[in-house]
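A.B. asks: Dropping a structure here in structure tokens format, bear with me for questions.
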Amino acid sequence: MQPPATVSADIRHPPWLFYAAGAVALAVIVMIALGMTVARGHGAAIDRAILLALRPAPLAAGAQASAGFRQVMIDITALGGGTVLTIFVAAASGFLAFRRHWLTLALVLGGTISGSLAVGMIKTLVGRPRPTLVDHLVDAWSASFPSGHAANSATVYLTLALLLVQIVEDRAARWYLLGAAVLLVMMIGISRVYLGVHWPSDVLAGWSFGTLWALAWWSLGGWLRIRRAQAAPTLP
């Protein structure tokens, strides 16, 4: 006997809740491993080399940096700040509520809020100082590891993109959502290094955590949708 069409046709959703638990566990392991690495001073030479490559000697002083390009980096980095991310999540949540996508709304809020709290806790536990190798082109006060902008932007933009993929039917639109989210997250992370407020390893850790966190909630969403479709396949 074949399963209901509503279940078999929607093969883009991951079938197991195990994927979600595994992604969360892997995110924790990655953060612990990277945190221990930076705490022991390993990889410092690579961090320094990459940071100086993005900010070579003529650009090391903030006054000598290209004003136009500097402003571009500041504008890009703002897209990963708490204010912009909160507005973005609120706007997306309002749209999902208007369209009555209650499950997606709950997953978006759960994934983004819990991810932000987790990043804050990790920052406090590791307590890595900000780099002083080059001038900071923007103000930064909290600990350096992981990059909050990189981690939170990956958590928010990738979680939104991956969860919207589950309700968007057009394949081209799904690829556009994913591509735009990945590009945006990459640009935000690179801007943090250029502006001198993060080591590259901070950004790498943020990207890793945020991506795995988003995949965890994507997997959880897929599992819940399949369970709901199996329990009531005739419901919209």
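The values are calculated or read from the model by the stated rules, or taken from the named source; none is laboratory data. Please read all numbers here as calculations on a predicted model, not as lab measurements. Quick reminder, even Gly has a Cβ in these numbers, built from the backbone with ideal geometry, and neighbours come from all protein chains shown. SASA here: full protein model, heavy atoms, side chains in, ligands and nucleic acids out. Shrake-Rupley method; radii C 1.70, N 1.55, O 1.52, S 1.80 Å.
A.B. asks: Pairs of alpha-carbon atoms within less than 8 angstrom and 6+ residues apart define the contacts here; what relative contact order does the range 112-161 have, in percent? Don't skip to the end; give the middle numbers.
C.D. replies: On the way: 35 pairs, mean separation 24.7, N = 50.
Once normalised by length, the contact order is 49 percent.
A.B. asks: The range 54-193: Rg/Rh from Cα coordinates, Kirkwood Rh?
C.D. replies: 1.03
A.B. asks: Of all accessible surface on the range 70-163 at a 1.4 Å probe, what whole percent is carbon and sulfur?
C.D. replies: Of all accessible area on the range 70-163, carbon and sulfur atoms account for 68 percent.
A.B. asks: Want the number for A67 to D135: 0.36 nm per residue separation, take away the alpha-carbon distance, what's left?
C.D. replies: Details: separation 68, 0.36 × 68 = 24.48 nm, distance 1.44 nm.
Difference between extended and current length: 23.0 nm.
A.B. asks: Sticking with this one: If r is the Cβ-Cβ distance from R227 to I87 and R0 is 41 Å, what FRET efficiency results, to the nearest 0.05? All intermediate terms of the calculation are to be shown ahead of the outcome.
C.D. replies: On the way: r = 32 Å, r/R0 = 0.79.
Efficiency, rounded to the nearest 0.05: 0.80.
A.B. asks: How big is the gap, in Å, between the Cα center of the range 64-125 and the Cα center of the range 145-221?
C.D. replies: 10
A.B. asks: If you don't mind, there's one more thing I want to ask. If you take the square roots of the eigenvalues of the alpha-carbon gyration tensor of the range 181-236 and sort them as a ≥ b ≥ c, do you get rounded (a/c under 1.5), prolate (a/b over b/c) or oblate?
C.D. replies: Details: a/c = 7.46, a/b = 3.53, b/c = 2.11.
Verdict is prolate for the range 181-236.
A.B. asks: Could you list the square roots of 5 times each eigenvalue of the Cα gyration tensor of the range 122-211, that is, the equivalent ellipsoid semi-axes, sorted largest first and rounded to whole Å?
C.D. replies: Equivalent ellipsoid of the range 122-211: 29, 13, 8 Å, largest first.
A.B. asks: Say R0 is 25 Å: what FRET efficiency, to the nearest 0.05, do M186 and L125 get from their beta-carbon distance?
C.D. replies: 0.45
A.B. asks: Any idea what the relative contact order of the range 81-236 is, in percent, if you count C-alpha pairs under 8 Å spaced at least 6 apart?
C.D. replies: 29
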